[in-house]
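Values in this text are rule-based calculations from the coordinates and carry no lab data. In this text the structure is predicted, and so the values were computed from the model without any measurement. We place every Cβ from the backbone using ideal geometry, glycine too, and count neighbours over all the protein chains shown.
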Amino acid sequence: MKYAHRRFSRGILCFLAVVTAVVCYGFSEGKKPIKPTLEETKAAYAQADKALNAAWKQIETKWKDKPLRLETLREKQRHWIRYRDYHSNEMVMRDYNLTAEILKNSVEHWQTMTHITRVRTQILRAILDAAKNPPELTGTWTDGYGGSLTLVKVNDDQVAFTIDVVRGPTYHLGNLWGLAEINDGIIRYTDKQNQKKYKKKPTWLTWIDRGNHLELLEANSHFYCGARAYFSGDYYRVGDVTQAQRQRVLKQARENPEW
């Protein structure tokens, strides 16, 4: 738990651009990207919104005798709606040079609405699943606001991780990976190697098990982030790791000379 890297380069930006193109437009047998129609993107959003509402109703039913917990989640849902609307409206208008008059008739607006809604639905379903069985540590996790975390448990005392974030209206990036220690249900990472190498205060990442999610706290992490980027947040387990992901996370962690 002792090693980390900064990866800020044009390569990352190009990679994100390519991934966005694939997700948004799709490819047809190696041909040029196929941009969906406005009707198709509206229909995709309608399906995503329907799935979101269904997951929310399940939570309301399950937590009907837990009004305080439900109200806390309801407030988080209101905050998420503001986040969704800002990214789907103001940021889309700026990024694609659109006017307010044509925004709602743009493919980009509905694609953004759909993507953000699908991620939120994954989180609501993760909350429902955690009520049945506590989430495994090894898996892919998201905070729903541009933070993506992959954890691979090495043994009872260690977990390898990678975390990537894209934050703010100017898409500031943050990235960190390493080997963290597990102690009585709390996970802690500190960059001892870079602390010595760059003569800086240590960076701490601390994950606390909150039952249905991991709360991530950070200290002195600006060394690994853009000006507006941050790692902290509530991360929910939304998927298993593939074999390729597992190998990549472990390979990066093994670059630590103290492994």
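Around the amide H of Val154, modelled in the peptide plane, lie the amide H atoms of Val159, Ala160, all under 5 Å away and 5 or more residues distant in sequence or on another chain.
Taking only complete DSSP H runs, can you tell me which helices of the chain stretch 27 Å or more along their own long axis by Cα positions and average at least 0.5 on the Kyte-Doolittle scale? Within the chain not a single helix satisfies the rule.
Equivalent-ellipsoid semi-axes for segment 84-177 (Cα gyration tensor, √(5λ), whole Å, largest first): 33, 17, 7.
Which entries in the list Lys57/Lys132; Lys132/Lys153; Lys64/Lys153 go over 24 Å, if you measure between the two C-alpha atoms of each? Violating the 24 Å Cα-Cα cut-off are Lys64/Lys153. Evaluated at q = 0.11, 0.20, 0.25 Å⁻¹, the base-10 log of the normalised Debye intensity for segment 36-132, with identical point scatterers placed on the Cα atoms, takes the values -0.38, -0.96, -1.26. Here's the picture: charge each Lys and Arg Cβ at +1 and each Asp and Glu Cβ at -1 in segment 106-259, and of Val238, Gln158, Phe223 the one pushed furthest to the positive end of that dipole is Phe223. For Lys62, the aspartates and glutamates whose Cα falls under 12 Å of its own Cα, not counting residues fewer than eight places away in the same chain, are Asp129. Binning the alpha carbon pair distances of segment 136-254 at 5 angstrom intervals from zero yields the distribution 2, 12, 21, 26, 22, 13, 4, 1, expressed in whole percent. Dipole size of the chain about its Cα centre, with +1 on Lys/Arg Cβ and -1 on Asp/Glu Cβ: approximately 460 debye, rounded to the nearest 20. Cross-link reach is defined here as a Cα-Cα straight distance under 16 Å, omitting same-chain residues fewer than 8 places apart; for Lys200 the lysines meeting it are Lys2, Lys192. Which entry is the computed Kirkwood radius over Cα pairs in Å for this structure: [x] 20.0; [y] 18.5; [z] 19.5? The value computed from this structure is option [x]. The HN-Hα couplings worked out from phi for segment 179-188 by the Karplus form 6.51 cos²θ - 1.76 cosθ + 1.60 (θ = phi - 60°) are 10, 9, 9, 10, 9, 6, x, 10, 9, 9 Hz, whole numbers, x standing for Gly and Pro.
In plain terms, the chain is cut at each of the GluC sites (Glu not before Pro) found in a DSSP loop with at most 12 other Cβ atoms within 10 Å, and the longest leftover piece is 137-257.
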